[in-house]
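**Q** Structure in structure tokens, see below.
What follows is calculated from the coordinates using simple rules that are stated; it is not laboratory data. These numbers come from a predicted model, not from an experiment. No Cβ is skipped: glycine too gets one built from the backbone with ideal geometry, and neighbour counts run over all protein chains shown.
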Amino acid sequence: MVFDWGLVGKSIPLLATGLMMTLKICALAIVFGTILGGLLGLASLSRLKAVRWAVMAYVDFIRGTPLLIQIFLVYFALPVVGINLPEFWAGVIALSLNAAGFIAEIVRAGVGSIEKGQSEAARSIGMRHAQILFYILLPQSLRAVVPPTTNELITLVKGSALLSVISVYELTRAGQAIIAVHFAPLEIFLLIAIFYYVTISILAWLSRWLERRLPVW
Amino acid sequence: MGDVAMKESAVIAAEGLTKAYGGRTVLAGVSIAIEEGETVVIIGPSGSGKTTFLRCLNYLETPDAGTVRLRGVPVGADRHGRLLPEAEIAKQRSRIGFVFQRFNLFAHLTAEDNVAIGPRRVLGLSIEEAHRRAREELARVHLEDHAGKRPSQLSGGQQQRVAIARALAMRPEIILFDEPTSALDPELVGEVLDVMRELALGGMTLAAVTHEMRFARAAADRVLFMDAGLVVEEGTPNEIFDAPREERTRKFLAHLHE
Ligand SMILES: Nc1ncnc2c1ncn2[C@@H]1O[C@H](COP(=O)(O)OP(=O)(O)OP(=O)(O)O)[C@@H](O)[C@H]1O
Ligand SMILES: [Mg+2]
């Protein structure tokens, strides 16, 4: 078998279109997933047992089922309840919901790792639960929360390849389309891998940059 | 009769406090009333319930039974023993200072911010007022030159003094100290005890769990000896240290002097 360099050249613009879609979906999912995950994380620290319990059940479900199945569930379940979304948004929602579950757990664990004396001291001067969370615990948990969160967001980008199964024309799907016509899986999958690798390397660099800027005390 | 009269005037009064952890009784019915301006020192062997008792006074720990009154008003629970709403308990706690064995300064904040955050967020003072008060209180514990430092840049003795300033900034009606010097290197104990003595002499009401006999003799109006979840004996420092009536007190003091 010969490596088809001609096809590689022709494929790059097509794959670039797919990559743009991947970036768009991931950017949206990163924003929504982080916000939702942060909120769920806070909810998991609520004083209300029912709220904590609900978040725990959600996190458990997200961690205990494959992302692929979660994607199918969002894609096929939403129309059933009368919500008809294009694949694009189904993809964004599925990735956001998935990342949110993991991020909620990261936030809960991060805040939980802070020494009990901190919140006791805050209680002793009359601070209330929400104040303790916002002024004492969350600022201190940043160092514990940010690195695993950026990690999770990188995982999200890798997971976006699975959206090809619901025909979102992202990077992987774009490559599969080329393979279907030209049957050159090795060339194309190698190219796809390089595209992902570069994207994720840039993200990893960004997250290291961010982590270096976290306050120390 | 005298008892009742005393409780009327007390800053804080506990009655029949009990607490058990997993079936193990830690407080077996503790009653005590602390008067305005009084300095009470609590001593007793490890595990006798001293920390638990102090923590019940400001409801950091919820007692199983018994009541705490702050100037006659029940703390933590209403007259029927129902827990008060969080906001209400928090407000009561803000009137009772607490100084921890391990300082528990907010690790991410400077000394000044540690002291200012209570007046700012709990008492609702303006930023300027809260920080003016914080600098005042830091000066009172002789740390005006360290206002910008974080806890990790301070010695243990300095951290504990910031913690005292943090409590003072709330203008509490009483301050509770739980072994405030026992986590300190010996050479740093004096500076913390000096501040406590100044507070006591300045008329502040305080209750301190401490085994620093020199402090107790110099500053305490009353010493309580606790053992097995009960106040076994109480009296003036001279009475307790020089002529203890109870065998358990004698044993403990002998052990302490070894
Ligand atoms: N949260 C808790 N859960 C279970 N047991 C506890 C808890 N807090 C305290 N205890 C137990 O209660 C007993 C009394 O503890 P406490 O800390 O009040 O004693 P103490 O007199 O302050 O002792 P020390 O001099 O060692 O500080 C100890 O046996 C301790 O192990
Ligand atoms: Mg103790």
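**Q** What is region A:5-212's relative contact order, in percent, from Cα pairs under 8 angstrom and six or more apart in sequence?
**A** Numbers: 209 pairs, mean separation 63.9, N = 208.
Rounded, it is 31 percent for region A:5-212.
**Q** Any of A:Lys24/A:Lys158; B:Lys19/B:Lys251; B:Lys50/B:Lys149; A:Lys116/B:Lys251; B:Lys91/B:Lys149 with alpha carbons more than 23 Å apart? Name them for me. Before the final figure, lay out the partial values.
**A** Details: A:Lys24/A:Lys158 14 Å; B:Lys19/B:Lys251 25 Å; B:Lys50/B:Lys149 32 Å; A:Lys116/B:Lys251 35 Å; B:Lys91/B:Lys149 29 Å.
Pairs exceeding 23 Å: B:Lys19/B:Lys251; B:Lys50/B:Lys149; A:Lys116/B:Lys251; B:Lys91/B:Lys149.
**Q** For B:Asp78, B:Asp113, which order do you get if you count the other beta carbons within 10 Å of each Cβ and list the fewest first?
**A** With the fewest neighbours first, B:Asp78, B:Asp113 line up as B:Asp78, B:Asp113.
**Q** Can you figure out the FRET efficiency of A:Val80 with A:Lys158, using R₀ = 35 Å and their beta-carbon distance, to the nearest 0.05? Please report the intermediate quantities before stating the final value.
**A** Values: r = 29 Å, r/R0 = 0.82.
Given R0 = 35 Å and the Cβ-Cβ separation, E is 0.75.
**Q** Still on this structure, I have one more. Local charge sum around A:Thr22 (other residues, Cβ-Cβ under 11 Å, Lys/Arg +1, Asp/Glu -1)?
**A** +2
**Q** Along the positive direction of the dipole of region A:5-212 (beta-carbon charges: Lys, Arg +1; Asp, Glu -1; about the Cα centre), which of A:Gly110, A:Tyr196, A:Leu163 reaches farthest?
**A** Positive-end residue among those listed: A:Gly110.
**Q** Across the protein assembly as shown, what fraction of all alpha-carbon pairs, as a whole percent, falls in each successive 10 Å bin from zero upward?
**A** Reading upward from the zero bin: 4, 16, 22, 18, 13, 11, 8, 6, 2, 1, 0.
**Q** Still on this structure: Would chain B count as rounded, prolate or oblate if I go by the C-alpha gyration tensor, calling it rounded below 1.5 in a/c and otherwise prolate when a/b exceeds b/c, oblate otherwise?
**A** Here chain B falls in the oblate category.
**Q** Continuing with this model, one more query. For B:Ala228, what charge total do you get from the other residues with a beta carbon under 15 Å from its beta carbon, if Lys and Arg give +1 and Asp and Glu give -1?
**A** Around B:Ala228, the charge tally is +1.
**Q** Can I ask one more? With a ≥ b ≥ c taken as the square roots of the eigenvalues of the C-alpha gyration tensor of region A:43-166, please select rounded if a/c is under 1.5 and otherwise prolate if a/b is larger than b/c or oblate if it is not?
**A** Values: a/c = 3.19, a/b = 2.11, b/c = 1.51.
Because a/c hits 1.5 or more and a/b exceeds b/c, region A:43-166 counts as prolate.
**Q** Just to confirm the filter: which trypsin sites (Lys or Arg not before Pro) across region B:54-84 are DSSP coil and have at most 13 other Cβ within 10 angstrom of their Cβ?
**A** Sparse-neighbourhood loop trypsin sites (Lys or Arg not before Pro): B:Arg79, B:Arg82.
**Q** While we're here: Once the Cα gyration tensor of chain A is diagonalised, what are the square roots of 5 times its eigenvalues, in whole Å and ordered largest first, as equivalent ellipsoid semi-axes?
**A** Square roots of five times the eigenvalues give 40, 21, 11 Å.
**Q** Compare the Cα positions of B:His146, B:Thr39, B:Val73 along the charge dipole of chain B (+1 at Cβ of Lys, Arg; -1 at Cβ of Asp, Glu; about the Cα centre) and return the one farthest towards the positive end.
**A** Checking the options against the dipole of chain B, the answer is B:Val73.
**Q** On to the next question. Give me the one-decimal nm value for the distance between modelled label points at A:Val198 and B:Glu187, 7 Å along each residue's Cα-to-Cβ direction.
**A** 6.2 nm
**Q** With charges set only on the Cβ (+1 for Lys and Arg, -1 for Asp and Glu), what does the dipole of chain B come to about its Cα centre, in debye to the nearest 20?
**A** 680 debye
**Q** Identify the GluC sites (Glu not before Pro) of region B:1-104 meeting these criteria: DSSP loop state and at most 16 other C-beta atoms within 10 Å of the C-beta.
**A** Here the sparse-neighbourhood loop sites are B:Glu36.
**Q** Please name whichever of A:Val146, A:Leu97, A:Cys26 sits farthest to the positive end of the charge dipole of region A:5-212, dipole taken about the Cα centre and charges placed at Cβ: Lys and Arg +1, Asp and Glu -1.
**A** About the Cα centre, the residue reaching furthest to the positive side is A:Val146.
**Q** Could you work out how far apart the two model spin labels at B:Glu128 and A:Asp60 are, taking each label as a point 7 Å from the Cα in the direction of the beta carbon, and quote it in nm?
**A** So the label points at B:Glu128 and A:Asp60 sit 5.5 nm apart.
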